[in-house]
1. For the protein assembly as shown, what proportion of DSSP beta bridges, expressed in % and rounded to the nearest 5, is antiparallel?
2. Which residue fluctuates most in the GNM of chain B (Cα springs below 10 Å): B:97, B:25, B:278?
3. Along the Cα→Cβ direction, 7 angstrom out, place labels at residue B:293 and residue A:53. What is the inter-label distance in nm?
4. What percent does the relative contact order of chain A come to when contacts are Cα pairs within less than 8 Å and at least six residues apart?
5. Mean residue ellipticity at 222 nm from the helices of chain A, using -39,500 (n - 2.57) per DSSP H segment of n ≥ 4 over the full residue count, to the nearest 500 deg cm²/dmol?
6. Anyone know which of B:164, B:188, B:232 comes out most mobile in the 10 Å Cα GNM of chain B?
7. How big is the protein assembly as shown in terms of Cα radius of gyration and Dmax, in angstroms?
8. Please report how far the C-alpha centroid of segment A:92-154 lies from that of segment A:163-180, rounded to the nearest whole angstrom.
């Protein structure tokens, strides 16, 4: 009797086997995320030319805008310089930074979600035991990101081709390029950490740095020529100059960065075991000192608080250091000089710059507060809250620990941003710190909404991200557009006094603080009354 | 009010999630100091019942008392005297097992450090590893050590041994026995029948959110049939007329009068059968009590006809 033999086919190891199946599966899982993201970006690009046309109807009005931007370093830092006065150029300018950042965020989320998330949850083990090549999962994740970015590029090109095909092509490809740079960056980081959360955080940190560099560069030059701008992929998008004498070779920068990062990601992925990472988990203490729900919440979130603190301190310091230069740069433009004078001279320009930057940091701090509040949601749905709450810990005490970190942490990072700002600027710190603390009222309202969503409609708790996104969109893109006042008023940040420079108004700040307190109270009441989501 | 001898008292408990009726009039009584087996097929509502008892879910109707308290309104006070091991233990990826054990102990109001160290040794757990690096069985050990090391009156264990190897299963059984000897009450939801048979004083079987059987194993056994095989010196007399006898088979064992008899009998009618057999001169006798499996199959199977389930 002979043993049955297995058929062993000689030949290639088929490292990519199963990629197609995994890609279809990934696209199915992202069937909501990708279309929504392309839709939001598409809508922004689609409506922009007409909005701009109604705002700046004549070439003279557009020239005036260009002059204003040349004078206004704080607006430049926020949204980049205006490089041309055609409707296409203005659209690319107005949408560029926001759409680029959104492309980067979505791409990094998609890649981490289909790589490290799958490994961390243990699902990848089952997938990898099938007829799936060693490189298939990473390839499918990158192809998913590529498909999303291609869809975005096509949409943008189709929408803008009426303004000229060359510029539309440059802008669409540039956005997709930014997306793919961060997709491949996330692919590298996902090899380094065992935690998907950390991978997302680190890649988002790189994006934050890219944003700060571009903003810093654009604050000190009015044509994107600063070396700081060239260090940032978001700056490359600007320097591709859609509708302003396209520099096609900049696309090669994107291509080179994407290729180099993809090669690095594959090299790292090929050198490690499933579920392992290059920053491995070290053993911990055999006995612990954690003794309360609040201590646990702090322990779980302290890494995030540290990261955000460093980021905000550095961002504040960079912008503080630029304030003087930004206020000095007026150029030979008469219109610009007139505008500066109208804004209150050099001191007024400096104040306006500080105010704009502090306002932007406040908007970004809203993302921190949402992430931190939603840890409650994560703890609850992962099943980790269940045994904690089966101990002698009431729900309020459990929630209070995380909310303390969320709300206290957002005040802390704004304070650190102010401290960094004051250090970088080198003038007296009081007004800047005050301006930063005022932002906290707006941040806390967003946090309160997140608490309410988690308490009252736990199934839709992640909609809090939508709230933060909407607030960012309103604060970032809204003011320069012809958006109805009622829409602008939806964002709590729109009600805050413009500090420093403007008068301090206590009333809106107090109203927002009360509103935040009411939202938190309502959310906690709802949390106490409902079933846990287990 | 004479409720002090009941650690858990549940009657007519209802809980629905949308259109699913997870609990449909559940009754459960766990006496202080006993190990109570809580049995039922997957999806019968065991975990839902446990979560209502822990105040994590709120019952739609019915009453529940745990250690004499309302599990929803008085959750925190009750939890001081309760240790819970969930069926699926999830740990924080960046906390070591030892940290989690100590955290749970402190959140409950303290744990016995000597006992904790002893348990870690007995369960052969490495407390320095971090969350994600533990296997399923080791994650369960973390929760078990935390539960057994704490000073509580009631242990609620929801399928706590599904990931343990046989050696650890034995350690677990010894720990439960020790807990009972220390006067503690244990509610043990389990699918491992040998474990239930070994440990539990009484069991409740639930199906579709309702209690279908409750009592001591001895009580429950009486509800089913015992198999008897006997070799007799002479032909049996009147066996087939006895009440409660089923499936009687009589065979000659040789050229003489010897007979081999096989039958099944309702366990509470066993006595009369043995007398009747004795009258014919018993040469050998084997009697097999109903297995727990038979008990379960009878209650788990949908519309199981009695003959099938008792086999």
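Any read-out appearing in this document is the output of simple, stated calculations on the displayed coordinates, not a laboratory observation. Being a predicted model, the structure only gives us computed values, none of them experimental. All Cβ positions, glycine included, derive from the backbone under ideal geometry; neighbour counts span all protein chains shown.
1. Bridges in the protein assembly as shown that DSSP calls antiparallel: roughly 70 percent.
2. B:278
3. 8.0 nm
4. 15 percent
5. So the helix-based figure for chain A works out to -24000 deg cm²/dmol.
6. Highest fluctuation of the listed residues: B:232.
7. Cα only, the protein assembly as shown: 34.8, 131 Å (Rg, Dmax).
8. Segment A:92-154 and segment A:163-180 have Cα centres spaced 20 Å from each other.
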